[in-house]
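The values are calculated or read from the model by the stated rules, or taken from the named source; none is laboratory data. From a predicted model like this one, the values you see are computed outputs, not experimental measurements. Here the Cβ positions follow ideal geometry from the backbone for every residue, glycine too, while neighbour counts run over all protein chains shown.
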Amino acid sequence: MKRRIAVIAILLCMGIVCGVSLTGNQTYAQTRTATATPAMPQITVYNPMGTPPPVTLQPQAPRLNTLDGKTVYFLNTGYIGTDRLMAVMMDWFKANYPKTNVVYRDASNGVSLSALNDAMWAELTEKGDAAIVGLGH
């Protein structure tokens, strides 16, 4: 979002500067009044924001009644700093939910859920009751 705003601001500033320099130029003003408007080449302008793909909404998983006796997976996908965050969260879970089984897995092959391999998905779905995934921002 910040990058989009920066690009738009730069394009607007370039337009303002170019517009001011053209209208303030005496020779441009004289030729414009003395002769017909010069033929400007036609250009194609593309939207720098692009077109985002459509979003498919997915329902949330049902909430667990209790965490006692459940297995919670902490999955680190390799985003910077998530290893420290996962360690702090696991310590909190161990202190506040001692009957909960906490499992840490490092899936450093990518920072998205689609990059997980089949073995990791199979383990999460078979043995896990919940998962906390460190995707980054």
*Somewhere in the stretch 47-59, is a residue over 30 Å from residue 8 (Cβ atoms) and not polar (S, T, N, Q)?*
yes
*asked:* If a residue must be at pLDDT 90 or above and of a type in the set (D, E, K, R), how many such residues does the stretch 30-64 contain?
replied: 1
*Taking only pairs six or more apart or across chains, which ones have beta-carbon atoms under 6 Å, a first residue in the stretch 54-73 that is in the same structural domain as residue 127 (by TED's automatic domain parsing) and hydroxyl-bearing (Ser, Thr, Tyr), and a second residue that is in a loop (DSSP other than H, G, I, E, B) and exposed (fewer than 10 other Cβ atoms within 10 Å of the Cβ)?*
none
*For residues that are of a type in the set (A, V, I, L, M) and closer than 11 Å to residue 129 by Cα, tally how many sit in the stretch 60-81.*
4
_Filtered residues of the stretch 68-84 (kept if touching a strand residue (DSSP E or B) at 6+ places or on another chain (Cβ under 7 Å) and modelled with pLDDT of 90 or more)_ = 70, 71, 72, 73, 74
*Starting from residues that are in a loop (DSSP other than H, G, I, E, B) and surrounded by 15 or more Cβ atoms within 10 Å (Cβ to Cβ), keep the ones in the stretch 60-98 and report whichever is nearest to the chain's Cα centre (by Cα).*
79
